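Structure record follows, encoded as structure tokens.
The values are calculated or read from the model by the stated rules, or taken from the named source; none is laboratory data. Note that the structure is a prediction, hence the values are computed from the model and not measured. For neighbour counting, all protein chains shown are included, and Cβ atoms are generated from backbone atoms with ideal geometry for every residue, glycine included. With ligands, DNA and RNA removed, areas are computed over all heavy atoms of the protein, side chains included. Shrake-Rupley method; radii C 1.70, N 1.55, O 1.52, S 1.80 Å.
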2 protein chains.
Amino acid sequence: MALKHKDPTQFDLSDPFASSDSWRHARPLRYAQYAHFQGPFELECGGSLPEITVAYETYGQLNAEGSNAVLICHALSGDSHVARHHPEDDPGWWDIMVGPGKPIDTERYFVICPNVLGGCRGTTGPGSIDPRTGRPYGADFPVITVGDIVDVQRLLMDRLGIRRLLAVVGGSLGGHMVLEWARRYPDRLAGAVAIATSARLTSQALAFDIVGRNAIIRDPHYQNGQYYGNGPGPTVGLALARMLGHITYLSREAMMKKFDARRLEPHQIQTLFEVRFNVGSYLAYQGERFVERFDANSYLRLTLAMDLFDLGDTSEKLTAALRPAQCRWLLLSFTSDWLFPPFQSQELVRALVAENKPVTYCNVPSECGHDAFLLPNDLPIYGSLIEAFLNRLLAEEARSEAAFSENVDVDEDESLGPSSIYRHHRLDYDCILELIPPGASVLDLGCGTGGLLARLRRRGHKRLVGVELDPQAILTCARRGLDVIHMDINRGLGIFADDQFDCVVLSQTLQAVTNVKHVLAELLRVGKRGIVSFPNLAYRRWREELAVHGRAPRMGAAAGFHWYDTPNVRFFSIRDFEELCQEMNICVEEKVALNTELDTIVTDDPNLNADVAVFAISRRGR
Amino acid sequence: MALKHKDPTQFDLSDPFASSDSWRHARPLRYAQYAHFQGPFELECGGSLPEITVAYETYGQLNAEGSNAVLICHALSGDSHVARHHPEDDPGWWDIMVGPGKPIDTERYFVICPNVLGGCRGTTGPGSIDPRTGRPYGADFPVITVGDIVDVQRLLMDRLGIRRLLAVVGGSLGGHMVLEWARRYPDRLAGAVAIATSARLTSQALAFDIVGRNAIIRDPHYQNGQYYGNGPGPTVGLALARMLGHITYLSREAMMKKFDARRLEPHQIQTLFEVRFNVGSYLAYQGERFVERFDANSYLRLTLAMDLFDLGDTSEKLTAALRPAQCRWLLLSFTSDWLFPPFQSQELVRALVAENKPVTYCNVPSECGHDAFLLPNDLPIYGSLIEAFLNRLLAEEARSEAAFSENVDVDEDESLGPSSIYRHHRLDYDCILELIPPGASVLDLGCGTGGLLARLRRRGHKRLVGVELDPQAILTCARRGLDVIHMDINRGLGIFADDQFDCVVLSQTLQAVTNVKHVLAELLRVGKRGIVSFPNLAYRRWREELAVHGRAPRMGAAAGFHWYDTPNVRFFSIRDFEELCQEMNICVEEKVALNTELDTIVTDDPNLNADVAVFAISRRGR
């Protein structure tokens, strides 16, 4: 299937693998090292392999303690060449992420990237010779699972003398491997970075895989999988599968930007597929290129491994599946990813949180679809989060967490959530801190850049979780070594279990919440104690503004907000709040009224003299 | 490709065509009538057809005036059998919509549904005999366009003696036909109902079609399209295309509900495709069934007609394309439709509105994806909107609009938007009406169930448009014969042109809008005059509640709202609003202060004594 392309640079962006001209089984083989393992190896779905070869590449140096190794798991069509070893090398598929000074900094970390079992880029797969027959396995290659793939990666780690990985990192199918590592070998990794992945495919994603596989197995050249040295192989079917894959890797927005303007202008490529529309020539090009470098039997086996991956269809099963994990977690999804949609990452977060696993999660705003984690567009968020996460792991592994967190230079006065309209006063924090028993587990809703959480950590609290809506604030928290979950609390706290925290803090956030009663109810479901601070509408100054001047109280004036642009949407007094507590049968355990202008605690007529109130509340009859 | 299915009822829902066992070219032929036309007919993309036969079915009776004919345009895989003629008939593909007492009531309307040109269910298509050669056209069948399809439909209307259609109705590809009818034969239809359609496909949808066509043309049995009587034909390719199509017709949510629970339990069907997962057996079933009743060459020609349909890639081109249309419009999209996503219907709405075409639009809340318009789930909204629209058209065609609108029984006191927290007072309306010059064109933002618009219509205003967020309210408006556009004004008024209306009314809605300045700026961009009414926070009673009692003013108390659940998010006084006008350089032309409790106009200290204010504003320097 010869192919010429006029302007290949046009197509580079969405297929990091398409940029080299010397693909055909050349690039990884050029750079890869090999490890051979003698079997037999029994596989999860039955069948065995008498021997296994693993192609892999490494970057950087393992440190003396052996504590800086990072394993990278590639996705469906990736390989061991994750990055250039030298500037003049062929590009790697994740050069933006891995290299000197990159988020996964090869000057700090020892990076290992193996080609997966079942692949076709050096590691044993259907195209390898079965030593028992002297011929390629073909369709006789056993069905493999993500677990099998991970087991082989573990063999390689043993061979390399890496007892404990600093982190396992991967996206998509690679993310499935990360999940499997964490539950299968919990003591072998300190951190897990699972990107654009899921507990199992959606039925929609599964359906696309099935159509792709049907295109391959019903291609007459498939010949029941024994096509090696016997005709061209199922190139049409594989190309169709790849075309379909490409549609699912891009978001609709990304496709619009890429193809809409020159819709009727196909690139002049030589192909036996339809070339009528611009997007048609792109798909034909991607399909034809793919068959030059990928084996159809590997495609069948690896997509099936992905389709069979299933950590459970209920949150109970999923929670149980992840229960063995002992690592720290970073989960990343992308807003426009419809193949591995964000709600699936959120299901993972829920399962991890339910077991009190330390997890940071961000749903990265992106237009790039599933491919986003391979593209530079959103790297400032997702790359930086990975960088911060690895930094933290390395510091913790070196038993220097305290020193690490002190070193992070963040001005605590800036630690405001995006919905907070007040300058933070030490007094406000002090009050909240006093209402939190020593050692309590704390959930901080609308944690901003983590000022309160950082203070709690210094006070010795261990189990601390933040919830925040602003990705930049989450990044700041990650740099401070705090665990934060990206979430809109207006939608409830469904990912948290009943009574999961000793205290749930809602600091200067309730007034920005639409669904007040729901949030309060959720807060008291999740926390044994709720601590709520809010501005008091009935403060003397606000009363006067309305009563005397006939103006809406400018409660956000200090932060530059007006009635027409304040993030706050609920306005209420201490009295209003108390009446709501009564109506909701909420027990007010303690309350502190503050005058932050005078920096004092108010005891005389708080509803008139306090501008901020802090309430400790709980469910009645607990 | 024999096929047996254990439990076919399981699969009925998403393929209305799959429910009969007697499909193979039998059903439509059993019920269809035929019209023959002698050519030659020149086609848009070149080529010609020497003769054309049209298979069609009709329902109901044409009335004496010939004013009750409704043409239904089917989608890609539909046919003329839109509904049962008799209860014992095979099911039609739109039985839920067409029949006695159904939304398109065959006791009131004369319904015609022809099979499209290029199809394979009785109308001339690639499988028909070319009289010039005595053999089937096959791949020599010319490329056809939606315009060609519509031209043939028009021939049929001529033959049936229907000079003017009451309405043309269609979804998906059928919606493209509706658009083409309206611009090609503007004097031949009174109304256009375009459902789940677009000005052109997204690049994503186009890409899926291309993969499907590639699967067909690269199937070895395709034989360059001359497969009739010559082997099985490209059944594998066509089945793959259909599988792919099915994925795109369903929403992800719908697929989850349908397949997730029994993911690993495929139905036992005989098939040469993969049967491993529940969804896999569904796709195999749909694919195998489809090739029994559909011709691959028709699939190629009809998908290409859809892909080539393009009313322009800019709003200017689109507006120009729709400019000739003279009919009333009803546009419907479905929230979970990702093949023809709602934004595409909104682009059509924008183009129509830009030319002051009368249009009602609703983005029907649905979980059913693109298939929603074939399914009963959301019929209470979309079916009722179609019913109301046809009623209105029939009344208007009978020149009895006035009588019609008077007959509609709607309590005007209920005509509140969902964001209005006030009981409506005649006084409030009266004020607004007085500020609207006689005969002015009016846009009512947050029009609710259309109370103000109905009063304006009675006063003789012709150009009246409402904007509303609540589908139920839109339905009520449609029943009153009012044009309303489903839209969230917080996102701006982008679909309206500068100075498009004499007056834009924002009645008791500004307080429920987050983005106040943006909405005001948009209002004055679109309208020469803006009329804004809002509750006055500085009304004496509210001042007292805060100043004396220390409580948040209960401005929504009459409607049962509290500070924690009111739809209102902005609280401001007359003075605040005036200051904002000054800041935004807005000219206050007139203002009226009301005390709706006392039912009087307030002249003495309005900011203290009025609970509602009505402002007429404009851009300064107009």
Query raised in the report: Accessible area lost on pairing A with B, both sides, 1.4 Å probe, Å² to nearest 100?
Result: 7100 Å²
Query raised in the report: Which whole-number value in Å² is the accessible area per residue of chain B, probe 1.4 Å?
Result: 35 Å²
Query - region B:475-496 and region A:558-622: distance between their alpha carbon centers, rounded to Å - result: 40 Å
Query raised in the report: Between A:Leu272 and the same site in the other copies, what are the distances in nm, shortest first, taking label points 7 Å from Cα along the C-beta direction?
Result: 1.7
Query - P(r) weight above 14 Å for region B:133-210, C-alpha pairs, percent - result: 68 percent
Query raised in the report: Which Rg and Dmax, in Å, describe the Cα atoms of region B:262-408?
Result: 20.7, 63
Query raised in the report: Roughly how many debye, to the nearest 20, is the charge dipole of chain A about its Cα centre, given +1 on each Lys and Arg Cβ, -1 on each Asp and Glu Cβ, and no other charges?
Result: 760 debye
Query raised in the report: In region B:211-229, which residues have a backbone nitrogen under 11 Å from the label point lying 7 Å from B:Leu272's Cα in the Cα-to-Cβ direction?
Result: B:220-221
Report task. Work out the P(r) tail for region B:184-241: percent of alpha carbon pairs separated by more than 19 Å, whole number. Result -> 53 percent
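What 222 nm value per residue comes from the helices of chain A, counting each DSSP H run with n ≥ 4 as -39,500 (n - 2.57) and dividing by all residues, nearest 500 deg cm²/dmol?
-10000 deg cm²/dmol
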Report task. Please name whichever of B:Pro553, B:His246, B:Pro342 sits farthest to the positive end of the charge dipole of chain B, dipole taken about the Cα centre and charges placed at Cβ: Lys and Arg +1, Asp and Glu -1. Result -> B:His246
Query raised in the report: How far is it, in nm, from the label point at A:Thr314 to the one at B:Glu597 when both lie 7 Å from their Cα along the line to the Cβ?
Result: 5.6 nm
Query raised in the report: Along the charge dipole of the protein assembly as shown, Cβ charges K/R +1 and D/E -1, which of A:Phe37, A:Leu493, A:Ala388 sits furthest on the positive end?
Result: A:Phe37
Query - Stokes-Einstein diffusion coefficient of region B:444-494, Kirkwood radius over Cα pairs, 10 °C, 1.306 mPa s, in µm²/s - result: 147 µm²/s
Requested in this report: Would you mind computing, in nm to one decimal, how far apart the modelled labels at A:Ala558 and A:Asp605 are, each placed 7 Å from Cα along Cα→Cβ?
Outcome: 2.2 nm
**Report entry** Surface accessible to a 1.4 Å probe, B:Thr133 within the full protein complex, Å²
**Finding:** 80 Å²
Query raised in the report: So, with a 1.4 angstrom probe, what is the percent of accessible area on the protein assembly as shown that is carbon and sulfur?
Result: 48 percent
Requested in this report: Measure of size requested: the Rg and Dmax of the protein assembly as shown, with Cα atoms as the atom set and Å as the unit; please supply both.
Outcome: 33.3, 102
Query - Burial of 40 Å² or greater, region A:551-598 residues [accessible area, probe 1.4 Å, versus chain by itself] - result: A:Arg551, A:Ala552, A:Trp563, A:Tyr564, A:Val569, A:Arg570, A:Phe571, A:Arg575, A:Asp576
Query raised in the report: Dipole magnitude of the protein assembly as shown about its Cα centre, charges +1 at Lys/Arg Cβ and -1 at Asp/Glu Cβ only, in debye to the nearest 20?
Result: 1240 debye
Query - Dipole of chain B, positive end: most advanced residue of B:Tyr222, B:Trp94, B:Ser315 [Cβ charges, Cα centre] - result: B:Tyr222
Query raised in the report: Which helices count as membrane-span-like in chain B under these terms: full DSSP H, at least 24 Å along the axis by C-alpha, Kyte-Doolittle mean of -1.0 or more?
Result: B:379-397
Query raised in the report: Which parts of region A:291-333, residue by residue, lose 10 Å² or more of accessible area when the rest of the protein chains are there, as against the chain isolated (1.4 Å probe)?
Result: A:Leu304, A:Asp307, A:Leu308, A:Asp310, A:Asp313
Report summary line: Expressed in nanometres to one decimal, the distance between label points 7 Å along Cα→Cβ at B:Tyr34 and B:Glu434 is 7.2 nm
**Report entry** Alpha carbon Rg of region A:495-611, scaled by the compact-globule rule 2.2 N^0.38 Å
**Finding:** 1.13
Query - Point-charge dipole on Cβ atoms (K/R +1, D/E -1) for region B:559-622, about Cα centre, debye to 20 - result: 420 debye
Report summary line: Order by accessible surface, 1.4 Å probe, largest leading, for residues B:His461, B:His518 comes to B:His518, B:His461
Query raised in the report: Based on the Cα gyration tensor of region A:131-277, what are the three equivalent ellipsoid semi-axes, each the root of five times an eigenvalue, rounded to whole Å and given largest first?
Result: 34, 25, 13
Report summary line: Length-normalised contact order of chain B, Cα under 8 Å, at least 6 apart, in percent, tallies to 10 percent
Query raised in the report: Which FRET efficiency value, to the nearest 0.05, is calculated for B:Gln326 and A:Gln472 with the Förster distance at 51 angstrom and r the Cβ-Cβ distance?
Result: 0.45
Query - Calculated FRET value between B:Glu65 and B:Glu42, using beta carbons and R₀ = 35 Å, to 0.05 - result: 0.55
Report summary line: chain B, convex hull of Cα, quarter of hull surface, nm² -> 30.7 nm²
Requested in this report: Measure up A:Lys257/B:Lys317; A:Lys258/B:Lys258; A:Lys257/B:Lys528; A:Lys357/B:Lys258 against 30 Å on the Cα-Cα distance and list the ones that go over.
Outcome: A:Lys258/B:Lys258; A:Lys257/B:Lys528; A:Lys357/B:Lys258
Query raised in the report: Using DSSP loop states and a limit of at most 16 other Cβ atoms within 10 Å to flag GluC sites (Glu not before Pro), what is the longest stretch of chain A containing no flagged site?
Result: A:108-354
